[in-house]
Amino acid sequence: MTWLFKPFFLIRSGGAASCVRPLLAAGLLALLAVTAGCARSQWENRYDYDNIVSRINIQTPAPEQQTSPAAKDLGKITLADAIKTALENNPDTDMALARIRQSEAMIDQAKAAYWPVLSLYGSYSQGDAPSGYLFSTIDQRLLPPNTNFNDPGWFENYEIGAKVGVNLFNGGRDWLNRHMAETGLAISQLDSRAVNNGLAASVISAWYDCLAAGDFIAIAEESVSTVEAELRLMQVRYDAGGVLKSDVLSLDVRLAQAKEELVRAQSNRSLALAALANLMGLNPDAQFELDAQAAMNPDLPPDYSAGSILALAKRPELKQARLAVIKSAMGVDMAKSHYLPTADAQLKYYMDDPDASFDSDRDNWTAGVIINWNAFTGGRTSSAVRQAKNVQDEMLAADRKAAQNVLLDVKTAYLNLDSARARNLVAAAAVEQARESLRLVKKQYEGGSVTVTRYLDAELAFNSARIRSSSAVFDSEKAAASVGRALGLWASLEGESNE
């Protein structure tokens, strides 16, 4: 590139050369304009979404592929499989992992401050400034004798060189930067564990929603079968003249209601499975079956008092808040370090030449130590210190708030668990009562002492009690999982892709 432009700069005066110079300038400007236009187009295309995704090899399925009926069949999975898949595939875990890698990169950046910096450079200059002429020709070791310092003339200089610089002292900022970056990494890792904790609890909740929806379908199918059988008997009796048409119509209406409940239960189960697949990082139409026998029963402390002690020790959010306080204290010292001077050592080796031949006898070097101290900054440093102290106060308040939120979360989870277990007992007793009531009403109905409407009411009450009981059973499991989340028990679960 240097030799490409050299002929242009060497044309200084006279004859045909003076005509060539404007042409070369015009050609150069045209070349720069075309190059700038092409570069602008390339940069605009570079930041197109599809180009970004293709460059980093992310496979984003097309909309028609996302809704394809030929979804992957995972077969029968356990609850542990579902949690493991979620921790490996869910975008939240990928985001947490990316934040961890960002923190690791920041540590590497902080460590780089301890190493010297080597830079290589090259430059070209020309002009008639007396200072530029003298400095360049002296470094070229070609200063003519009897030079007129007021009007030395035109000069041209090519310079190449290398600089090495290392920081000797900067008030401890390098040390603080490194330890703040390491603390940030620990915070990011705890953030990943907090994501795991919440995600695992969500998967468990969605899992039991799916199982409850399956029970609702079984209850609805049994109700349809029962009403269909009664309708066939009622039709026979009606044909024989033993019952009224209204009785047949009542059973027809009840059968339609039972079928509607079955359709609703099937739809709810499909939605629950889609929600579980989404938590697992899969397409909503992924095919899998649930192994209802494989459950996860956390070993929970017996009461809130014991649970709160465990939560204060295990919840990642509390550890994050404490590390944030530590990091903010380092931030205060970082701001105070600007009161201190800095010292840097620098070595420079370079060569100057008027025609870029760079003879070895024209090399130069300089070495020195630079000390800089900002004696007055208009209050900038003191303001930064006040800001850092206010950040520390904010982190201390956030630490107290985090502890309060965790204790409230644990208290709420235990109260919900107690309530769910109590509802489970009540619902189980209600099922037995409704079953016995249905048995008695059915005998009376078959004996003709009660109407079909009374029988249908008893059958509906029995099915409703069974649904409430099934919901109460799975609500107890979900409440136990919520207590596990409040205690931080799921934070230690990790997928293969997590660090």
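In the list 375, 321, 335, 329, which residue meets the criterion of being under 30 Å from residue 415 (Cα atoms) and not in a strand (DSSP E or B)? Testing whether each residue is under 30 Å from residue 415 (Cα atoms) and not in a strand (DSSP E or B) leaves just 321.
Of the residues making up region 338-355, those that are over 30 Å from residue 132 (Cβ atoms) and either in a helix (DSSP H, G or I) or charged (D, E, K, R) (or both) are 338, 339. When region 101-134 is limited to residues that are more than 23 Å from the chain's Cα centre (by Cα) and aliphatic (A, V, I, L, M), the one that is farthest from residue 354 (Cα to Cα) turns out to be 110. Annotation: residue 379 fulfils all but one of (1) within 30 Å of residue 454 (Cα to Cα); (2) open to solvent by less than 80 Å² (accessible area, probe 1.4 Å); the unmet one is (1). Does residue 136 meet the test of being open to solvent by 20 Å² or more (accessible area, probe 1.4 Å) and not basic (Lys, Arg)? No, not satisfied. When residue 117 is tested against (1) open to solvent by 60 Å² or more (accessible area, probe 1.4 Å); (2) without any contact (Cβ under 8 Å) to a residue 24 or more places away in the chain; (3) of a type outside the set (S, T, N, Q), just one condition goes unmet, and that condition is (2).
The rows are residues; the columns are (1) open to solvent by less than 70 Å² (accessible area, probe 1.4 Å); (2) at pLDDT below 95; (3) on the phi < 0 side of the Ramachandran plot.
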| site | (1), (2), (3) |
| --- | --- |
| 409 | yes, no, yes |
| 418 | no, no, yes |
| 422 | yes, no, yes |
| 437 | yes, yes, yes |
| 446 | no, yes, yes |
| 451 | no, yes, yes |
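Out of curiosity, is residue 221 open to solvent by 50 Å² or more (accessible area, probe 1.4 Å) and within 46 Å of the chain's Cα centre (by Cα)? The answer is yes for residue 221. Every test in (1) outside any helix (DSSP H, G or I); (2) surrounded by fewer than 17 Cβ atoms within 10 Å (Cβ to Cβ) is passed by residue 281 save one, and that test is (2).
Considering only residues that are open to solvent by 60 Å² or more (accessible area, probe 1.4 Å) and among the aliphatic types (A, V, I, L, M), look in region 337-376 and name the one that is farthest from residue 166 (Cα to Cα). This residue is 375. Filtering region 308-335 to residues that are touching a residue at least 60 places away in the same chain (Cβ under 8 Å) and more than 29 Å from the chain's Cα centre (by Cα) leaves only 333. All of 178, 141 fail the test of being open to solvent by 60 Å² or more (accessible area, probe 1.4 Å), farther than 24 Å from residue 364 by Cβ and touching a helix residue (DSSP H, G or I) at 6+ places or on another chain (Cβ under 9 Å), apart from 178. The residue that is most open to solvent (accessible area, probe 1.4 Å), among those in region 89-114 that are hydrophobic (A, V, I, L, M, F, W, C) and touching a helix residue (DSSP H, G or I) at 6+ places or on another chain (Cβ under 7 Å), is 106.
Within region 237-262, take every residue that is of a type in the set (Lys, Arg) and open to solvent by 30 Å² or more (accessible area, probe 1.4 Å) and give me the one that is nearest to residue 446 (Cα to Cα). Spell out how you get there, then give the answer.
Step one: of region 237-262, the residues of a type in the set (Lys, Arg) are 237, 245, 254, 259.
From the residues that got through so far, the ones that are open to solvent by 30 Å² or more (accessible area, probe 1.4 Å) too are 237, 245, 259.
Details: 237: 12, 245: 17, 259: 24 Å.
Step by step, filter region 237-262, then rank; the result is 237.
Filtered by the rule that a residue be among the hydroxyl-bearing types (Ser, Thr, Tyr) and either in a strand (DSSP E or B) or without any contact (Cβ under 8 Å) to a residue 60 or more places away in the chain (or both), region 123-136 gives 123, 124, 125, 131, 133.
So how many residues does region 305-329 have that are open to solvent by less than 30 Å² (accessible area, probe 1.4 Å) and not basic (Lys, Arg)?
Pass one, region 305-329, residues open to solvent by less than 30 Å² (accessible area, probe 1.4 Å): 307-308, 311, 315-316, 318, 321, 324-325, 328.
Next, from what is left, pick out any that are not basic (Lys, Arg): 307-308, 311, 316, 318, 321, 324-325, 328.
Residues that pass the stated criteria total 9.
Within region 270-291, the set of residues being closer than 15 Å to residue 89 by Cβ and over 25 Å from the mean Cα position of the chain (by Cα) comprises 288 only.
Considering region 45-75, and only residues there that are under 15 Å from residue 285 (Cα atoms) and at pLDDT 75 or above, the residue that is most open to solvent (accessible area, probe 1.4 Å) turns out to be 74. Apart from one condition, residue 171 fits all of (1) on the phi > 0 side of the Ramachandran plot; (2) open to solvent by 20 Å² or more (accessible area, probe 1.4 Å); the exception is (2).
The values are calculated or read from the model by the stated rules, or taken from the named source; none is laboratory data. Everything numeric here is computed off the predicted structure, so don't read it as measured data. Please note: Cβ atoms are built from the backbone with ideal geometry, for glycine as well, and neighbour counts cover all protein chains shown. The protein model used for the area step is the full one, side chains on, heavy atoms only, and it has no ligands, DNA or RNA in it. Shrake-Rupley method; radii C 1.70, N 1.55, O 1.52, S 1.80 Å.
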